[in-house]
Amino acid sequence: MENGGYTIIQDWMLDLPLSLVETAVYAIIYGFSQDGESAFSGSLSFIARKSKTSKDTARRALNRLVEEGYLERISIVKNGVTFNDYRVREMQGGVAICNG
């Protein structure tokens, strides 16, 4: 997940009622999960680094995106530790709907 890739912020993403950080986080997750089946399973540190913000700000952005229905959080427990994967929810008429 390191160098060599790119993240595209599409024009329609800029029309969403999101802050710039939330838009960047959304675009990162979108890039990994736009096929409707895959999910982002990287770290909070990765999201914070790529969106040029702190881990706390990245966590708040993720939480808001989940609460507002833009992202789906998939919690996985391994050896008593919870890991969160994220994927975008499909947009229809400007409204997010769950793919799965």
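The values are calculated or read from the model by the stated rules, or taken from the named source; none is laboratory data. Bear in mind the structure is a predicted one, so any value in this text is a computation, not a measurement. We place every Cβ from the backbone using ideal geometry, glycine too, and count neighbours over all the protein chains shown. What goes into the accessible areas is simple: the full protein's heavy atoms, side chains included, and nothing from ligands, DNA or RNA. Shrake-Rupley method; radii C 1.70, N 1.55, O 1.52, S 1.80 Å.
Data for the structure
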quantity: Segment Asp56-Ile8, length gained on full extension (0.36 nm per residue, minus Cα span); calculated: 15.0 nm
quantity: Of all accessible heavy-atom area on the chain, the percent that carbon and sulfur account for (1.4 Å); calculated: 47 percent
quantity: Per-pair calculated FRET efficiency, R0 = 25 Å: Thr82 and Ser19 via Cβ, rounded to 0.05; calculated: 0.45
quantity: Candidate aspartates and glutamates - alpha carbon under 14 Å from Lys52, same-chain residues fewer than 8 apart omitted; calculated: Glu22
quantity: Global geometry of segment 1-65, whether rounded, prolate or oblate, following the gyration tensor of its Cα atoms and the 1.5 cut on a/c; calculated: rounded
quantity: Å² of accessible area per residue within the chain, as computed with a 1.4 Å probe and no ligands counted; calculated: 62 Å²
